[in-house]
1. Here are the criteria: (1) more than 9 Å from chain A (Cβ to nearest Cβ); (2) in contact with a Lys or Arg (Cβ under 6 Å, 6 or more places away or on another chain). Tell me which single one B:Phe4 does not satisfy.
2. Tell me whether the stretch B:76-90 contains one or more residues that are more than 10 Å from every other protein chain (Cβ to nearest Cβ), of a type in the set (Val, Ile, Thr) and surrounded by fewer than 22 Cβ atoms within 10 Å (Cβ to Cβ).
3. Considering (1) open to solvent by less than 10 Å² (accessible area, probe 1.4 Å); (2) in contact with a Cys (Cβ under 8 Å, 6 or more places away or on another chain); (3) closer than 27 Å to B:Ser221 by Cβ, say which one B:Glu99 fails and leave the rest.
4. Just to be sure, is A:Asp154 surrounded by fewer than 16 Cβ atoms within 10 Å (Cβ to Cβ), of a type in the set (Asp, Glu) and modelled with pLDDT under 95?
5. Say we look at the stretch A:287-308 and pick out the residues that are of a type outside the set (A, V, I, L, M, F, W, C), open to solvent by less than 20 Å² (accessible area, probe 1.4 Å) and in a strand (DSSP E or B); which of these is nearest to A:Leu179 (Cα to Cα)?
6. Specify the residue that is nearest to the chain's Cα centre (by Cα); the eligible residues are those in the stretch B:1-32 that are of a type in the set (Ser, Thr, Tyr) and open to solvent by less than 20 Å² (accessible area, probe 1.4 Å).
7. Which of the residues that make up the stretch B:48-68 are closer than 15 Å to B:Tyr114 by Cα and either touching a helix residue (DSSP H, G or I) at 6+ places or on another chain (Cβ under 7 Å) or in contact (Cβ under 8 Å) with a residue 12 or more places away in the chain (or both)?
8. Considering only the stretch A:358-373, state which residues are closer than 23 Å to A:Val13 by Cβ and open to solvent by 30 Å² or more (accessible area, probe 1.4 Å).
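The values are calculated or read from the model by the stated rules, or taken from the named source; none is laboratory data. Remember, it's a predicted structure, so these values are computed and weren't measured experimentally. Virtual Cβ from ideal backbone geometry, glycine too; neighbours counted across all protein chains shown. The area values use the complete protein model at the heavy-atom level, side chains included, leaving out ligands, DNA and RNA. Shrake-Rupley method; radii C 1.70, N 1.55, O 1.52, S 1.80 Å.
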Amino acid sequence: VLKYVDSVASQQVPPPYEFPNTTVHAFIWEPDLAKVKAYCTRFLNIGDLPAVGVSYEPLAIWPYAALLVIDYPVMACADPARKTMFKQQPKVRAKTSRGNQTPSSAQTKSPDSSDPEIDDTIPYAQRGYTSQTEVFVTFPLLRRGRTLRRLAIDTMIEWAIPFIIVEKPESAICGREMLGLEKLCAQIGLQDDKPSGDGTGAFTASVELPGWPSTSPTAAQEMLPFFEATAGPVLPNVWAAPNATSVWSLLRSRTASAGVEAFGVMRDFLDDALMGLLPSTMQVVALKQFRGAGHPQRAVYQALVGCRSKFSNITNFQIYNEQNVSLKFHNRGSFCPIIEELFEAPKNKSNAQEEDQIYSLPAIAAFRFNARIDFDQMRTLHTFPIKSATGARPPDDWIVPWLRPWKGFVTRTRTRDPAEPAGERPAVEKST
Amino acid sequence: MTEFTPFIPSFATQQLLPPWEAEATVYGFGFRIPESAIRDYVDRYFNSTEPRERRFQFDPAPNCEFGILFYSNVRNARTNNIASNNHSRRSFGTLNYKEAFVCVPISRRNISIYNVLSEPIYEWCQPIAVCDCTTVIFSAREIVGLDVLPGRITETYRDDGGFTLTVQLYGVETFSPTSKEELIPLLEVDVPPGSSQEGLPDERSEDVIRAIRNLNEKTRSPTIGPWLPQHMQVVTLKQFRDASKMDIAIYQALVTSQISRHALPDASTVPILLNERKVTLQLSENATTREMVQTFLGQPPPEGRETTTADGKEVWQNVERAQHPTLAFRLDCKVEVDQVKTDVTLS
C-alpha cells in the first residue's frame, strides 16, 4: 500500500463534503432508452462481465432523466477532523552495498534552513469554503447481479452522470481525479429571481464551455455557448395556465406541496431501509480511469466508483410550468459527441459541424427546491484488471447500502495474491 | 483480444494527447534555491517510499542550486498523436494558453538489486505549475502527472515598452471557516522598459549560466544560443488517490517527458538576456501560497514577517516578498513535448 504524497502545490480537499442551503432547479425529460443502454454498454458494462458479476441497464420502471442546475452557496469539507497530508516525510536513506548511505536532508541541512511554516494542523473544514453553480445530466440505472445470489444482494438503483459542468477548476480536478466524475470547467451564468406570489421569479442559466467550433485541425479552442435554460415563474402565476397533464396539477394545493416537504424529511429516516430507491439519495456510479503516459490510448487504471449524494431538509418545493421551460443545447463542433450520445439530436454531417445547430430538450416536468446536500460514502465498487500490469487488485465492494452492516455474514471477500499478475488468473475467493 | 486495456474516451476526456507541439513566447527568470530546500523536496516527493521498493534515489544536481521560473504564452498547441485520430472518434484543433512553472535540476540514480547506485542521470522537476486552460491542466495532470494548478495569468505589454506578468491562484488569504475561495495573488513580475541586456551578463547571471552549462555537459544536451538547454528531461510523480481511502494512492509511477525548444523560421533563436537587476519578482505569501513559496525560498527575513498573538497563538501575517532574479531572458521558439513515457510504476 502506497501513501498518496500530497504535493506542495495541491489545493485539493478530499470528500466528504457538505453543501447547505442549495437551490436545485430540476428538469425531467424522457431519454431514449436505447441511448441509455448504449451508454451502459460503453462505460459501465466493460471488462469480463462474468467476472465483474453485475451489469447495468436502463431503469424501466422510471424511464426518465433529470437535468439539474444546482447553486451551492457553501461547499465545505464535512469531516471536521480531516487534515492535509502535507507533512514532512521521514527521511529514507538508501544503503548501498559499499556501506555508503545516500545523503538525506537530516545530514546536509544547513543551519539556516528550516522547514516551511506550514500549519498542517488546521483541518480542511477550518480552512475555508467555496461556492459555485453546477449543471449536470443524470439518469437512473438498474445494477443487476448476474447470478441468483448476486441478484439478491448486489442489485440496486444507481445514477449515472455523463457530464457535470462546474465553475471552479479545483472542483473539477477533485471530482475527476478522486471519483472519476466527468467534470468540465465552464462559465455559468445564473439569474434566479426569488419566486413570489405576484407571478415573477423567472430562472435563466447559461453555460459557456471551452470547445472547438469545428473539427478542422486548425480550429482554435474558445469559449462557446453550450447550454441555455429558461423557466417562467413558478406556479401558480398569472402568465400561463398549465395543462391538465402537468405535474403541478397533482400538487396544486398547499397541503400537497407541504406534503412533499414533509416527505423529504421523512425520507431522511427511511433512506437506508429503502435500498436507495428514493431520489432523495442518489447513489452515483462513475467509471474512474486514467490514461497511460506513453500510450494515452491505454488505461493504467480503470474502476467503477460509487458515492452518495443525499438531499435533506427539503424546503420551498415549487413547480415550474413545463410549457414555459426552454432547454437548449448547442450541437456544434466538439459538443456534437455528447449531444448525439445523450439526445435524439439530428446527426450532424461532418461537413456541416461548423453550423451551430440548436437542440431543444423537451421537459416533461420542472421544479425547484432548497435542500442540504451531503456528498459522502465513496467506494471503489470494482477495479478492472489492467492487462500487462502487475500488482494486487483491491477487493470488490458491490454490497448495497442496506446490507453493509451485515457485510461479513452475507458476502465473501475476493483477495488476490500480490505477486499474481492482475487479470491473468482468476481471483481466489475466501470466506470471511 | 487486445494486449492492453483500452482507455474509453468520453466528452470529458477531449484532451491534448502527447506528444504535442506549439509556438511560444517564453520568459525565464533564474533564482537561487538552497540545496537543502531541493533535497527536502526530492526526499518528500520522490524518495518517500522504501529504497527497496522504489529502486531509485533522487538528489539535488551537484552545483546546481537554482531554479528557473518559466512563463510561456503558448499558441497553436496541437497534438502529434496520430493514433488519437482513430481512438477519440473525433479529433479537434488547437489550443492557446498561458502557463507559468518552476523547473529545478535534480539527479536520479537507480539502485540495483545488489543495492549499488548507478551513475546519475540529470533531470528537471516541476514542483509548481500554473495554467489558465483547463484542457491543458486535465491533460497534464491525468496523463503526464504534472501537478498543474488552475489560475489566472495576465500579461501586459505596456505602452512604455515594459512588461508585467501576474499569476493568481484559487485559494484563501487566511485559513478560517469564513474564508471564501477566490483568486489570490501568487506572483507579479515587472520587466521595466529598456531591460534588454547589452554586452555580457554580469557576475550573478554568469554564476547561473555557468551552472546551466555545467548541467548541459552532463546531459549532453544541445543548446539554443550559447547556454539554454534545447532539451529538458522532466520527471514527475504521477499518482491518483483511492476513492474510499484518500490517503492511499491507487496508482503511482515516475513519468518522464522531454520539453524541446526549437528555432522559429522567422525569429531569433538566441535567448535575449534581460538586465536581471531591473526585473522584479514579487511573491505573495498567504495561507494558500505559503507552502509553495517557503518550500523553495525558505522563511522570509525576520523584519519581513510579523507575528501577532491572537488567543495565545501566533498568527503569521501575509507577506509580499520582492526580489530580483539572478537571470532573466526572453525567447520566441517552437516548443515540443514528447518522449512521454512511464519510467517506473510503483503500484
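1. The single condition B:Phe4 does not satisfy is (1).
2. So the first thing to find is which residues in the stretch B:76-90 are more than 10 Å from every other protein chain (Cβ to nearest Cβ), and the list is B:80, B:82.
Then keep just the ones that are of a type in the set (Val, Ile, Thr); that gives B:82.
Within this subset, residues satisfying the condition of being surrounded by fewer than 22 Cβ atoms within 10 Å (Cβ to Cβ) are B:82.
Looking for residues that are more than 10 Å from every other protein chain (Cβ to nearest Cβ), of a type in the set (Val, Ile, Thr) and surrounded by fewer than 22 Cβ atoms within 10 Å (Cβ to Cβ), one finds at least one in the stretch B:76-90, hence yes.
3. Unmet for B:Glu99, out of (1) open to solvent by less than 10 Å² (accessible area, probe 1.4 Å); (2) in contact with a Cys (Cβ under 8 Å, 6 or more places away or on another chain); (3) closer than 27 Å to B:Ser221 by Cβ: (1).
4. Numbers: surrounded by fewer than 16 Cβ atoms within 10 Å (Cβ to Cβ): no; of a type in the set (Asp, Glu): yes; modelled with pLDDT under 95: yes.
Considered against the rule, which asks whether it is surrounded by fewer than 16 Cβ atoms within 10 Å (Cβ to Cβ), of a type in the set (Asp, Glu) and modelled with pLDDT under 95, A:Asp154 comes out as no.
5. A:Lys288
6. In the first step, residues of the stretch B:1-32 are kept if they are of a type in the set (Ser, Thr, Tyr); the result is B:2, B:5, B:10, B:13, B:25, B:27.
Narrowing further to those that are open to solvent by less than 20 Å² (accessible area, probe 1.4 Å): B:5, B:10, B:13, B:25, B:27.
On the way: B:Thr5: 31, B:Ser10: 28, B:Thr13: 23, B:Thr25: 16, B:Tyr27: 13 Å.
The residue in question is B:Tyr27.
7. Result: B:Pro51, B:Glu53, B:Arg54, B:Arg55, B:Phe56, B:Gln57.
8. Taking the stretch A:358-373 as the starting set, the residues that turn out to be closer than 23 Å to A:Val13 by Cβ are A:371-373.
Matches in the stretch A:358-373: A:Arg372 only.
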